[in-house]
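The structure appears right after this line, and notes come after that.
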Amino acid sequence: MKILQVAYKSTISGGEKVLFDLATSLKERGHEVSAVCPDPGQLPDELRKAGIDSTIIPFHKTYDIRAARQLARFITDEKIEVLHSHSMLTNIISRVAGKLAHVPVSVSTEHLTMELARGGRGKGLRDRLMAKYYRRLDNFTSRYNQQVIAVSNAVRDDLVEQGIPTGRITVIQNGIEIPDIDPAAGDRIRLELGIKPEETVVGAVGRLSPQKDYPTLLRAFKEVGKSCPEAILLIAGDGYLRDNLEKLTYELGIREQVKFLGYRTNVLEVVSSFDIYALSSLWEGLPLAVLEAMAMGKPVVATSVPGTEEAVNEGETGFLVPLKDDQALSQGIIELVRDQEKIKIMGDAGRRRWHDCFSLTRVIDEHEALYKNLEPSALLMKKSE
């Protein structure tokens, strides 16, 4: 099949990582895969290195008709058989383009709905109006898809509530593949950072953005430090809140126990240096970072938000705590820091759960089956037009 993947951003994180894994895996299975990205950047560069043609078509507005027409021409010229877009803005534009180009199969993935994304933020008038606007556009254009893919049951439920018929939604939960990593990589990173063998590393990975609610994690870690002075917090990721977060560590008196690592290309090696993974997010679709931590045998202490709740089994692979509750978050971390055997037991359980439920192979199998199941009816529809 000739498959086109359309990205929302040109960085590699979240939904773009899903797109990258999907595109490269489908190519390995013999499909002819190409991609469209809105800007030059890391994602198109890495796709090209993997042998996948990547075209830049700028689009940054939901009503960008010029971009939709340009994308439609590309679909027609390249004789694309399967159009697969990712995330709401891209989905709206791509659905219109697919309709204009009469593409045989059109599907889109919703990695995070507007309602889930607003779950941890203020719901003022502007938020409500924007959400209503995007939902209407999303609902209207979704009729141009044969199927809308939800990355979690939580996303599916929101799409149904939003008005998209259940029969046009397929749930394909995120999955990941962990490459072989040098077993000594974690120890090297700990040595590089001056972490002592007897210290317990709590780690977090992600953009330094409001979604991740790092202030709650830092306040929780202040309490962790009181009970467990041997605990160290590593935060891998960068963002515009870094200065504010570093300032907060001074105010809380924990600057010596917290290390900001910035953006790292060797994220999995960094995660291998963790003993415990912490996530304080206000909302998530189905977080890849949590799946990566589980795959590497790390117990997870995370906020109980839709999506994350589908990955972490409470009391078995980690702990789920209420939003913005630094006390509950600190207690979950402290319980693990004080019990090294529990760290191992929960970490092993998490790895088994990743292997059984969240492997990349399962994700690719389900996408490939969906494309093939939709292809015959779509081709017949096209011929009848």
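Of everything in the range 122-171 that is aromatic (Phe, Trp, Tyr) and at pLDDT below 90, the residue that is farthest from LEU112 (Cα to Cα) is TYR133.
Among the residues making up the range 324-363, those that are hydrophobic (A, V, I, L, M, F, W, C), out of contact with any Asp or Glu (no Cβ under 8 Å at 6 or more places or on another chain) and within 22 Å of GLN173 (Cβ to Cβ) are TRP354, CYS357, PHE358.
Of all the listed residues (TYR250, TYR277, TYR240), the sole one being assigned to a strand (DSSP E or B) and out of contact with any Asp or Glu (no Cβ under 6 Å at 6 or more places or on another chain) is TYR277.
Which one is surrounded by the fewest Cβ atoms within 10 Å (Cβ to Cβ), of the residues in the range 261-283 that are modelled with pLDDT under 95 and either aromatic (Phe, Trp, Tyr) or farther than 24 Å from GLU246 by Cα (or both)? Of everything passing the filter in the range 261-283, TYR263 is surrounded by the fewest Cβ atoms within 10 Å (Cβ to Cβ). Residue-level check: of (1) surrounded by fewer than 19 Cβ atoms within 10 Å (Cβ to Cβ); (2) in the same structural domain as ARG352 (by TED's automatic domain parsing); (3) polar (S, T, N, Q); (4) in contact with a helix residue (DSSP H, G or I) (Cβ under 9 Å, 6 or more places away or on another chain), THR200 misses just (1).
The combined condition, being of a type in the set (Lys, Arg), surrounded by fewer than 17 Cβ atoms within 10 Å (Cβ to Cβ) and within 30 Å of GLN340 (Cβ to Cβ), is not fulfilled by ARG168.
When the range 195-219 is limited to residues that are among the hydrophobic types (A, V, I, L, M, F, W, C) and farther than 13 Å from LEU336 by Cβ, the one that is farthest from the chain's Cα centre (by Cα) turns out to be ILE195. The listed residues are ILE92, ILE75, and the only one of them that is surrounded by 23 or more Cβ atoms within 10 Å (Cβ to Cβ) and under 22 Å from LEU112 (Cα atoms) turns out to be ILE92. Going by what's in this entry, would GLU314 be described as surrounded by fewer than 24 Cβ atoms within 10 Å (Cβ to Cβ) and either more than 27 Å from LEU193 (Cβ to Cβ) or among the small types (Gly, Ala, Ser) (or both)? Yes: the conditions hold for GLU314. Taking LYS344, is it part of a loop (DSSP other than H, G, I, E, B), within 20 Å of VAL271 (Cβ to Cβ) and either touching a helix residue (DSSP H, G or I) at 6+ places or on another chain (Cβ under 8 Å) or assigned by TED's automatic domain parsing to the domain that holds PHE221 (or both)? Spelling it out, it is not the case that LYS344 is part of a loop (DSSP other than H, G, I, E, B), within 20 Å of VAL271 (Cβ to Cβ) and either touching a helix residue (DSSP H, G or I) at 6+ places or on another chain (Cβ under 8 Å) or assigned by TED's automatic domain parsing to the domain that holds PHE221 (or both).
When VAL258 is tested against (1) buried (at least 18 other Cβ atoms within 10 Å of the Cβ); (2) under 23 Å from LEU329 (Cα atoms); (3) without any contact (Cβ under 8 Å) to a residue 40 or more places away in the chain, just one condition goes unmet, and that condition is (3).
In a residue-by-residue description of the range 158-167, the property of being over 30 Å from TYR134 (Cα atoms), assigned to a helix (DSSP H, G or I) and free of Cβ contacts under 8 Å to residues at least 60 places away in the same chain applies to no position.
The values are calculated or read from the model by the stated rules, or taken from the named source; none is laboratory data. These numbers come from a predicted model, not from an experiment. FYI the Cβ positions are ideal-geometry reconstructions off the backbone, even for glycines, and counts take in every protein chain you see.
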